[in-house]
Structures are given as C-alpha cells and as structure tokens.
Amino acid sequence: MKSKDYFTAEQKQQIVDAIHEAELNTSGEIRVHIDTKCKAKNPLDRAVQVFNKLEMHKTDLYNGVLIYLSVSDRKFAIIGDEGIDQKVPHDFWDSTKNLMIEHFKKGEMVLGLTEGIKLAGLQLKEFFPYQTGDIDELSNKISFE
C-alpha cells in the first residue's frame, strides 16, 4: 500500500486540522510527512532529508517541526529546526514521542499523530508563542513519498 493511500480522506483531514489547531498557539510551523518505507537506515536521517526537501529551514525564526512516519516498517521521528534546538531542552520531544508511541502500539495511527501534533503545538507555545500578524509560512498539508 502506498503511503498516500494509508489514510482515508477523512483521516488526512483530521491530521491537517490538528496541525492548523496546534499552530494557533505558536508561531512554530508543523508538518507531517508519511513514507511507505523508510529510505534511510535511521528514521532521524530520513526526517532530515525530508525536512530539507520540503525547505522547512526557510522559516523566519527557524522554528519548523517535522513529524516523520514510515508506515510499512513502523518508524517515526520528530525533528525541529535550529531555532527550536537552540531554545529547548535536549529531551524536549520525548513526551510527544512517548504519547505517540502509546497510540501507535494500539494501532491508533491517526490519534497518535493528531495528539502528538497538538502536544507539539502546546510545547512550542512556551518558546515560540503566537504573535499578532503571524503568517502560516509552511503548508499544513501532509506530504507523501
């Protein structure tokens, strides 16, 4: 099954809606990318490749976040741009990852993604609060490969 066919149209919309909702709290930018199979040995390495391909480093505050998921081999990663990494503690994404893993273990892929996205938005709010006039710098659409 191809990654773009893994979720129904309704499920994809739930994920996009979660991104939109999360970004209401923060100037941070969140994207989700779904691969059929991870094209790197390590999902973090693949997430970096996708981050660059999507040009997520081109935000004004370098505050893009990518949630990467490979559906067939069940791998995922969360990475933030350098603006985030300079401000947050080393274990910043652990609570988000742990929440998502709990849902993924139960086969609740959409719930894991949407809850992880919402938590990421709340966490980013502390370091990158929403500011009046903030523009949506990155698409909220899911990317697939």
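The values are calculated or read from the model by the stated rules, or taken from the named source; none is laboratory data. Note that the structure is predicted; figures quoted are calculated from it, not measured. Here Cβ is always computed from backbone atoms with ideal geometry, including for glycine, and neighbour counts include all displayed protein chains.
Can you find, within the range 70-84, the residue that is nearest to LYS4 (Cα to Cα) among those that are of a type outside the set (Gly, Ala, Ser), surrounded by 13 or more Cβ atoms within 10 Å (Cβ to Cβ) and more than 12 Å from the chain's Cα centre (by Cα)? First the steps, then the outcome.
Of the range 70-84, the ones of a type outside the set (Gly, Ala, Ser) are 71, 73-76, 78-79, 81-82, 84.
Checking which are surrounded by 13 or more Cβ atoms within 10 Å (Cβ to Cβ) leaves us with 71, 75-76, 78-79, 81, 84.
Filter again for more than 12 Å from the chain's Cα centre (by Cα), leaving 71, 75, 84.
Working: VAL71: 10, LYS75: 16, ILE84: 29 Å.
Among residues in the range 70-84 that are of a type outside the set (Gly, Ala, Ser), surrounded by 13 or more Cβ atoms within 10 Å (Cβ to Cβ) and more than 12 Å from the chain's Cα centre (by Cα), the one nearest to LYS4 (Cα to Cα) is VAL71.
Kindly establish whether LEU61 is touching a residue at least 24 places away in the same chain (Cβ under 8 Å) and not in a loop (DSSP other than H, G, I, E, B).
No, not satisfied.
Quickly run through the range 1-41 and pick out the residues that are more than 16 Å from LYS141 (Cβ to Cβ), out of contact with any Ser or Thr (no Cβ under 7 Å at 6 or more places or on another chain) and among the basic types (Lys, Arg).
Within the range 1-41, LYS39, LYS41 qualify.
Anything in the range 12-42 that is within 20 Å of HIS57 (Cβ to Cβ), of a type in the set (A, V, I, L, M) and surrounded by fewer than 21 Cβ atoms within 10 Å (Cβ to Cβ)? List them, or say none.
ALA40
Which fully enclosed helices (runs of 4 or more DSSP H) of the range 73-145 have 3 or more residues being at pLDDT 95 or above and not β-branched (Val, Ile, Thr)?
Because the criterion is at least 3 residues that are at pLDDT 95 or above and not β-branched (Val, Ile, Thr), the helices (runs of 4 or more DSSP H) in the range 73-145 that meet it are 94-105, 109-127.
So ASP45 fits all but one of (1) part of a helix (DSSP H, G or I); (2) buried (at least 17 other Cβ atoms within 10 Å of the Cβ); what number is the exception?
Status for ASP45: all satisfied but (2).
Identify all residues within the range 48-58 that are within 15 Å of the chain's Cα centre (by Cα) and either surrounded by 12 or more Cβ atoms within 10 Å (Cβ to Cβ) or in contact (Cβ under 8 Å) with a residue 24 or more places away in the chain (or both); write none if there are none.
VAL48, GLN49, VAL50, PHE51, LEU54, MET56, HIS57
Taking only pairs six or more apart or across chains, which ones have beta-carbon atoms under 6 Å, a first residue in the range 83-94 that is free of Cβ contacts under 8 Å to residues at least 60 places away in the same chain and within 15 Å of THR59 (Cα to Cα), and a second residue that is in a loop (DSSP other than H, G, I, E, B) and of a type in the set (A, V, I, L, M)?
The qualifying pairs are GLY83/LEU61.
If I ask for residues that are surrounded by fewer than 16 Cβ atoms within 10 Å (Cβ to Cβ) and without any contact (Cβ under 8 Å) to a residue 12 or more places away in the chain, which ones from the range 95-129 would you list?
Of everything in the range 95-129, those that are surrounded by fewer than 16 Cβ atoms within 10 Å (Cβ to Cβ) and without any contact (Cβ under 8 Å) to a residue 12 or more places away in the chain turn out to be ASN98, ILE101, GLU102, LYS105, LYS106, GLY107, GLU108, GLU126.
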